[in-house]
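> The structure follows.
The values are calculated or read from the model by the stated rules, or taken from the named source; none is laboratory data. Computed from a predicted model, the values in this text were never measured in an experiment. Here the Cβ positions follow ideal geometry from the backbone for every residue, glycine too, while neighbour counts run over all protein chains shown.
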Amino acid sequence: MIMEKSSFVLVFGNSPFVRVLDFFLNFDNFDYSIAQIAKETETKWESVVKCVEVLMKKKIVKKTRKVGKAQLYMVNKESPLTGLLEDIDMKISDFFVKKELGRQKVVVG
């Protein structure tokens, strides 16, 4: 499940924070450990810990449960800020889809 660059990352940059935030916005139905997030976002474990701490303070991410010694986290769907970020993410994606479709019409037509 290694992620290719999403439109969110293309717009806001390929920083560890943006990659982690993008991961949570895209994979919002499950909870994940720091190790899983680090692997999927190709981000150092220590950086993911810092990003998750910031996202938790802003109530975008929440702790869910522990599996063994690993704490799991998921996006906080009850947060109004999360809703806004999901809206922005969808609008950015829609923008790029429309841009690509427009380019294809020019090539075909």
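> So which of S6, S15 is within 26 Å of F96 (Cβ to Cβ), modelled with pLDDT under 95 and surrounded by 13 or more Cβ atoms within 10 Å (Cβ to Cβ)?
On the way: S15 fails: modelled with pLDDT under 95.
Only one candidate passes the filter, namely S6.
> Select from the range 1-26 the residues that are closer than 20 Å to L81 by Cβ and free of Cβ contacts under 8 Å to residues at least 12 places away in the same chain and write down the one among them that is nearest to the chain's Cα centre (by Cα). Before you say what the answer is, go through the steps one by one.
Within the range 1-26, the subset closer than 20 Å to L81 by Cβ is 6-9, 11-13, 15-26.
Those still in the list that are free of Cβ contacts under 8 Å to residues at least 12 places away in the same chain too: 12-13, 15, 18.
Working: F12: 11, G13: 12, S15: 12, V18: 7 Å.
For the range 1-26, the residue satisfying everything is V18.
> Tell me which residues, restricted to the range 58-109, are of a type in the set (G, A, S), loosely packed, with under 15 Cβ neighbours inside 10 Å and either under 15 Å from F24 (Cα atoms) or touching a Leu at 6+ places or on another chain (Cβ under 7 Å) (or both).
The one that is of a type in the set (G, A, S), loosely packed, with under 15 Cβ neighbours inside 10 Å and either under 15 Å from F24 (Cα atoms) or touching a Leu at 6+ places or on another chain (Cβ under 7 Å) (or both): G83.
> Output the number of residues of the range 25-38 satisfying the condition of being in contact with a helix residue (DSSP H, G or I) (Cβ under 9 Å, 6 or more places away or on another chain) and either farther than 17 Å from S15 by Cβ or exposed (fewer than 14 other Cβ atoms within 10 Å of the Cβ) (or both). Quick ask: steps written out before the conclusion?
Filtering the range 25-38 for residues in contact with a helix residue (DSSP H, G or I) (Cβ under 9 Å, 6 or more places away or on another chain) gives 25-28, 32, 34-35, 37-38.
Now restrict to residues that are either farther than 17 Å from S15 by Cβ or exposed (fewer than 14 other Cβ atoms within 10 Å of the Cβ) (or both): 27-28, 32, 34-35.
Result for the range 25-38: 5.
> Collect the residues in the range 48-87 that are free of Cβ contacts under 8 Å to residues at least 60 places away in the same chain and either of a type in the set (G, A, S) or over 18 Å from I34 (Cβ atoms) (or both), keeping them in residue-number order.
Filtering the range 48-87 down to residues free of Cβ contacts under 8 Å to residues at least 60 places away in the same chain leaves 48-84, 87.
K59, G68, A70, K77, E78, S79, P80, L81, T82, G83, L84, D87, listed by residue number.
> Please verify whether the range 4-13 includes one or more residues that are in a helix (DSSP H, G or I) and of a type in the set (S, T, Y).
yes
> Now for a separate question. For K57, are the conditions met, namely being modelled with pLDDT of 95 or more and not β-branched (V, I, T)? If you could, list the steps in order and put the result at the bottom.
Numbers: modelled with pLDDT of 95 or more: yes; not β-branched (V, I, T): yes.
Here the answer is yes, as K57 does meet what is asked.
> Then there is this: Could you list, in sequence order, the residues of the range 27-44 that are among the aliphatic types (A, V, I, L, M) and either in contact (Cβ under 8 Å) with a residue 12 or more places away in the chain or on the phi > 0 side of the Ramachandran plot (or both)? Please lay out each step first, then the result.
First pass over the range 27-44, keeping only residues among the aliphatic types (A, V, I, L, M): 34-35, 37-38.
Result: I34, A35, I37.
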